[in-house]
Amino acid sequence: VKKLVTTRVDLRHNADLYKNMSERYTQVKGEHDGCVDKLQTLKSEKNELSSVNNDQALCIKELEDELAKKDSTLVYAERLLPTAITRLLQSHEYKQSLSEPFNPAIQASWAKGLAEGHFKEDNMNALYRVEGFDAYSDKKIYVEFDKLFEKKYPYVEKIASGFRHSVADLLKVYPALALLGKSPIAAPSKTRTGTSAPSIQKKKA
């Protein structure tokens, strides 16, 4: 009987141990599953951060490449600006635009010098015989001069409209060449009836 009692006590004790171990296992398994979930979450966050870092790295690389292009463009632009200005100042279209205010100025000065010491009637007759002479040239000087500030040059418009082209291509653009035999600025020297200057009767002292 004593042995039976001892066996029952052992069985009960073993049952309690099994129950405790089972409960402990369930608890540990729950903690393990929780750790697995956390690990999965951390891996997902790591992948997201890695993706963000890769995107940022690509973005930084693109910005660096774009900056390098802009630096290169800036260097070309620094070459283009003085080159374009030099070509414009030496071009026929620019010199032709200067002739518009300068020719009236030359004519006005020429007429003023011609009028010195001569009769007005003779002076007007002589000026009338000069080819291309404008009697109102002295009044047109300032009007034509003011127009220079609003003047549009084909060469400049070509450069401005080529903003989508590379600066290297724009450096290949040149102003239009002048037509042969055309002089942009010239004083009136020919007459309607001949090549010699008209004779004018001087005033008597």
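Values quoted throughout were computed directly from the atomic coordinates according to the rules given, and no laboratory measurement underlies them. As the structure is a prediction and not an experimental result, all values here were calculated from the model. Positions of Cβ are generated from backbone atoms using ideal geometry, with glycine treated the same way; all protein chains shown enter the neighbour counts.
Taken along the Cα-to-beta-carbon direction at a fixed 7 Å, the label points for Arg79 and Ala15 span 9.8 nm.
Diffusion coefficient (Stokes-Einstein, Kirkwood radius over C-alpha pairs, 4 °C, 1.567 mPa s) for the stretch 1-65: 78 µm²/s, rounded to a whole number. Modelled this way, with points 7 Å down the Cα-to-C-beta line, the labels at Asp37 and Asp169 are 6.1 nm from one another. Counting lysine pairs in the stretch 1-65 that sit 8 or more residues apart in sequence, or on different chains, and whose Cα atoms lie under 27 Å apart gives 9.
Set the bar at 19 Å for Cα to Cα. Now go through Lys95/Lys147; Lys70/Lys158; Lys95/Lys139 and name every pair that lies beyond it.
Working: Lys95/Lys147 14 Å; Lys70/Lys158 22 Å; Lys95/Lys139 21 Å.
Violating the 19 Å Cα-Cα cut-off are Lys70/Lys158; Lys95/Lys139.
Rounded to two decimals, the Cα radius of gyration of the stretch 27-81 over 2.2 N^0.38 Å is 2.32.
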